[in-house]
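Some notes on the structure that comes next.
The values are calculated or read from the model by the stated rules, or taken from the named source; none is laboratory data. Keep in mind it's a predicted model, so treat the numbers as computed, not measured. Here the Cβ positions follow ideal geometry from the backbone for every residue, glycine too, while neighbour counts run over all protein chains shown. Accessible surface is based on the protein model in full, side chains and every heavy atom, while ligands, DNA and RNA are left aside. Shrake-Rupley method; radii C 1.70, N 1.55, O 1.52, S 1.80 Å.
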Amino acid sequence: MEDHSNLISTDLIRQSTKLYTRRKFIGLGLIGALGLSGGIHVINSTFGDQGKGKLKLIKPNFIPTPKEWSDKEVTVAWLGHASFLINFFGTRILIDPALNSNIGITPIGNYTIGPSRYIASALNSDEVGPIDLLLVSHAHTDHFDYPTLRKLESATTLAVTAKNTLPLWKGMNYQAIEELHWQDSKTLAGVKVKAIEGKHWGARIPWRKGMEANSFLLSKNGINLFFGADTGYTELIKQQLEGIPIDLAIMGIGAYSPKSFEDKHATPEQAWKMAEEMSAKWIIPMHWGSFKLSQEPMHEPMARFRQAASGQIEKVAIQETGVTWTLPR
């Protein structure tokens, strides 16, 4: 099949420049990225069912109750996709929140055009409670969701964003918004946050190539949590975490098909391998089951991950949206 990816991205840019202001057009990241990666075939196969009435939003079987969590423990809840709510010894952390029924471009206000959820977020923006620290790994729309971030605005919340993405936060009201480049670290709300380089890209729109994508190392009271965000397989992560005992690794296991996607999104087997290479005591797989962003079947990533973990499945702390887990001490 002829590769139309350049035509798609150019046409989208031309049309959107006419229809929207530059500020509104900044939301084109997901479709732009898909167009550049795989062209018409990928976009059709990924979004083909979205407008055919085939999708019914499934309620998760588990609902977190953060008001009941202890400030003396490390408690983690998977809200779906790459969104996590954590009580880290009293520091309330929210990572990559995309909590609405859709992700994608936002041409007018919070109106979103893009993929619909299969499984509802375990909590909505009103239910997560007060947040001390908000971490956004990169600018792709399934991690940097404008409607959710606007809903969460708070003068008491510190936010962390990737290098060269600060302009995307224009007009949002947070206590402070910190850009972290790879290897940068800063103690915020009592947690040491270090930006780790993985194997991904962070441009929300194709020409903003300087926008980076972070993984995060979070440390407090001698406990280290690693959030892998989006990354292809790389030994860079192991090298950066050398000598650091990782108590929990949260690893993406989806969006690896077609083969061209695998370079920036690890397969389930590669995600398990990276967690093993950093000697993580516990592992949580994510970035699967919520949105159809690639060609693999929705439940294939977790089936393959369980197979990869065969014989050590007890190390997998969470396997289902909405589950809450407390780090054993």
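Restricting attention to the range 50-100, and to residues there that are touching a Lys or Arg at 6+ places or on another chain (Cβ under 7 Å) and modelled with pLDDT of 95 or more, which single residue is nearest to residue 285 (Cα to Cα)? I'd like the intermediate steps shown before the answer.
Residues of the range 50-100 that are touching a Lys or Arg at 6+ places or on another chain (Cβ under 7 Å), as a first pass: 57, 88-89, 91.
If we keep only those that are modelled with pLDDT of 95 or more too, we end up with 88-89, 91.
Details: 88: 19, 89: 22, 91: 23 Å.
Among residues in the range 50-100 that are touching a Lys or Arg at 6+ places or on another chain (Cβ under 7 Å) and modelled with pLDDT of 95 or more, the one nearest to residue 285 (Cα to Cα) is 88.
So which residues in the range 311-327 are modelled with pLDDT of 95 or more and either more than 22 Å from the chain's Cα centre (by Cα) or hydroxyl-bearing (Ser, Thr, Tyr) (or both), if there are any at all?
Start the filter on the range 311-327 by keeping residues that are modelled with pLDDT of 95 or more, which leaves 312-327.
Once the filter is applied, which keeps residues that are modelled with pLDDT of 95 or more and either more than 22 Å from the chain's Cα centre (by Cα) or hydroxyl-bearing (Ser, Thr, Tyr) (or both), the range 311-327 yields 312, 313, 314, 321, 324, 326.
Based on this model, can you work out whether residue 195 counts as of a type in the set (Gly, Ala, Ser), part of a strand (DSSP E or B) and under 24 Å from residue 109 (Cβ atoms)? Spelling it out, it is not the case that residue 195 is of a type in the set (Gly, Ala, Ser), part of a strand (DSSP E or B) and under 24 Å from residue 109 (Cβ atoms).
Would you confirm, using the coordinates I've provided, whether residue 119 is under 27 Å from residue 62 (Cβ atoms) and surrounded by 16 or more Cβ atoms within 10 Å (Cβ to Cβ)?
On the way: under 27 Å from residue 62 (Cβ atoms): yes; surrounded by 16 or more Cβ atoms within 10 Å (Cβ to Cβ): yes.
Criteria met by residue 119.
Determine, yes or no, whether residue 134 is at pLDDT 95 or above, outside any loop (DSSP other than H, G, I, E, B), of a type in the set (A, V, I, L, M, F, W, C) and surrounded by 23 or more Cβ atoms within 10 Å (Cβ to Cβ). Reasoning before the result, please.
Working: at pLDDT 95 or above: yes; outside any loop (DSSP other than H, G, I, E, B): yes; of a type in the set (A, V, I, L, M, F, W, C): yes; surrounded by 23 or more Cβ atoms within 10 Å (Cβ to Cβ): yes.
Yes: the conditions hold for residue 134.
Touching a strand residue (DSSP E or B) at 6+ places or on another chain (Cβ under 7 Å) and on the phi > 0 side of the Ramachandran plot: does that describe residue 228? No: the conditions fail for residue 228.
Among residues of the range 65-91 that are of a type in the set (D, E, K, R) and assigned to a loop (DSSP other than H, G, I, E, B), those with a Cβ under 7 angstrom from a residue that is open to solvent by 30 Å² or more (accessible area, probe 1.4 Å) and at pLDDT 95 or above, sequence gap 6+ or separate chain, pair up as 73/326.
Please determine whether any residue of the range 231-243 is touching a helix residue (DSSP H, G or I) at 6+ places or on another chain (Cβ under 8 Å) and under 30 Å from residue 106 (Cα atoms). Spell out how you get there, then give the answer.
Quick first cut of the range 231-243, residues touching a helix residue (DSSP H, G or I) at 6+ places or on another chain (Cβ under 8 Å) only: 231-235, 237-238.
Of the ones still in play, those that are also under 30 Å from residue 106 (Cα atoms) are 231-232.
Within the range 231-243, one or more residues are touching a helix residue (DSSP H, G or I) at 6+ places or on another chain (Cβ under 8 Å) and under 30 Å from residue 106 (Cα atoms).
There is at least one residue in the range 173-187 that is more than 26 Å from residue 232 (Cβ to Cβ), aliphatic (A, V, I, L, M) and either touching a residue at least 40 places away in the same chain (Cβ under 8 Å) or buried (at least 16 other Cβ atoms within 10 Å of the Cβ) (or both).
Taking only the range 138-163 into account, find how many residues are part of a helix (DSSP H, G or I) and of a type in the set (D, E, K, R). Residues that pass the stated criteria total 2. Got at least one residue in the range 150-166 being out of contact with any strand residue (DSSP E or B) (no Cβ under 8 Å at 6 or more places or on another chain), open to solvent by 10 Å² or more (accessible area, probe 1.4 Å) and not small (Gly, Ala, Ser)? Checking the range 150-166: at least one residue is out of contact with any strand residue (DSSP E or B) (no Cβ under 8 Å at 6 or more places or on another chain), open to solvent by 10 Å² or more (accessible area, probe 1.4 Å) and not small (Gly, Ala, Ser). If you go through the range 101-116 and keep only what is part of a loop (DSSP other than H, G, I, E, B) and surrounded by fewer than 19 Cβ atoms within 10 Å (Cβ to Cβ), you end up with 101, 109, 110.
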